[in-house]
Amino acid sequence: MRKYLAVLVSGGRSSARMARHIQTDPKYEEYEKLYVFCNTGQERPETIQFLKDMVYHWNIPLNIIEGVYSLEKGCGVKSKLVDFDTMDMKGRVFSEMIAHVNKNKWVGVPNQAVPYCSDYLKTRVSHHFSKLIFGTTKYVKALGYRKEDMPKRITFAELKEDKTRIAPNLTDFETPIGNLELNVFFDNEPFKLGIHSKLGNCELCNKKSDLNLIESIKYGTRFIDWHVNEEEIYGNMFFRGNLSIMDLVNMANSGTQLKMFSSSGGDGCVCNF
């Protein structure tokens with residue numbers, strides 16, 4: 001019986017480590033493997049360069065996909081294959097996803113109350129593509145959880161019971177892979193992620209803490225005007241505490257000491273494995 005494995009690459013170090021392990025470990029030789037990165041249109045250029053380095057140095061056959069959305073009622077989420085030259089880097093995919101979700105009734109932009117973005121940008125898109133390539137829904141997903149994700153986001157008990165997903169970074173090593181182990185691993189590789197991991201993936205993800213969001217704005221982001229536009233269209237805000245993007249920009253520009261803001265409070269996102 002053929003076995004299928006969808007390796008979900010987020011663009012971060014944890015999922016990269018997982019992908020390399022699956023590529024090289026004999027344990028996974030019997031699987032037909034599909035390496036997938038779901039582009040949201042709001043990834044940092046450094047993240048994309050990291051993915052390019054994975055492909056170049058490790059020869060990982062990475063499929064870059066984007067969601068295909070429709071304003072037609074009854075039409076679900078689909079996927080399409082793109083590449084590094086044609087992938088969206090201006091937030092178009094994210095905007096189309098929001099419009100798709102709001103086509104039947106108003107939901108607004110994704111935030112803590114309605115955190116639908118990971119589902120519609122990642123989970124449904126990768127499922128459509130995997131089903132299309134494998135020709136079946138009977139496949140296993142590999143996710144790049146790391147040691148720091150336990151127990152809030154995942155536990156060994158959950159992994160033992162769940163037959164549809166695996167977390168090799170946690171289960172395949174004598175000691176589960178965490179940030180320290182990732183540092184050691186990438187010290188011996190010919191490339192590294194060019195930004196701190198807290199700045200990665202969607203530049204202004206609403207699941208980041210206020211401190212991380214302010215630091216992201218100070219670091220530089222292309223999506224302030226994008227957030228202003230989407231908030232004006234849908235009438236609600238992306239960020240916790242009903243903060244608008246301009247509230248955060250004003251905080252970042254005010255000279256307020258960052259230590260006043262807690263680095264906790266951020267929620268883990270499936271995009272950030």
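The values are calculated or read from the model by the stated rules, or taken from the named source; none is laboratory data. Here the structure is a predicted model, which means the values were calculated and not measured. Heads up, the Cβs are rebuilt from the backbone with ideal geometry, glycines too, and the neighbour counts pull from every protein chain shown.
Take Tyr139 and decide whether it is at pLDDT 95 or above, in contact with a Phe, Trp or Tyr (Cβ under 6 Å, 6 or more places away or on another chain) and more than 30 Å from Leu180 (Cβ to Cβ). Taking the combined requirement at face value, the residue satisfies it. Checked against (1) buried (at least 18 other Cβ atoms within 10 Å of the Cβ); (2) in contact with a Phe, Trp or Tyr (Cβ under 7 Å, 6 or more places away or on another chain), Ile177 passes all but a single condition, namely (2).
Within the range 3-24, one or more residues are without any contact (Cβ under 8 Å) to a residue 12 or more places away in the chain and closer than 20 Å to Ile177 by Cβ. Does the range 40-56 include one or more residues that are part of a strand (DSSP E or B), touching a Ser or Thr at 6+ places or on another chain (Cβ under 9 Å) and modelled with pLDDT of 95 or more? No - not one qualifying residue is present in the range 40-56.
For the range 215-235, residues that are buried (at least 19 other Cβ atoms within 10 Å of the Cβ) and either outside any helix (DSSP H, G or I) or free of Cβ contacts under 8 Å to residues at least 12 places away in the same chain (or both) total 2.
Counting only residues that are out of contact with any strand residue (DSSP E or B) (no Cβ under 9 Å at 6 or more places or on another chain), under 27 Å from Asn39 (Cβ atoms), assigned to a loop (DSSP other than H, G, I, E, B) and touching a residue at least 24 places away in the same chain (Cβ under 8 Å), the range 151-177 holds 3 of them.
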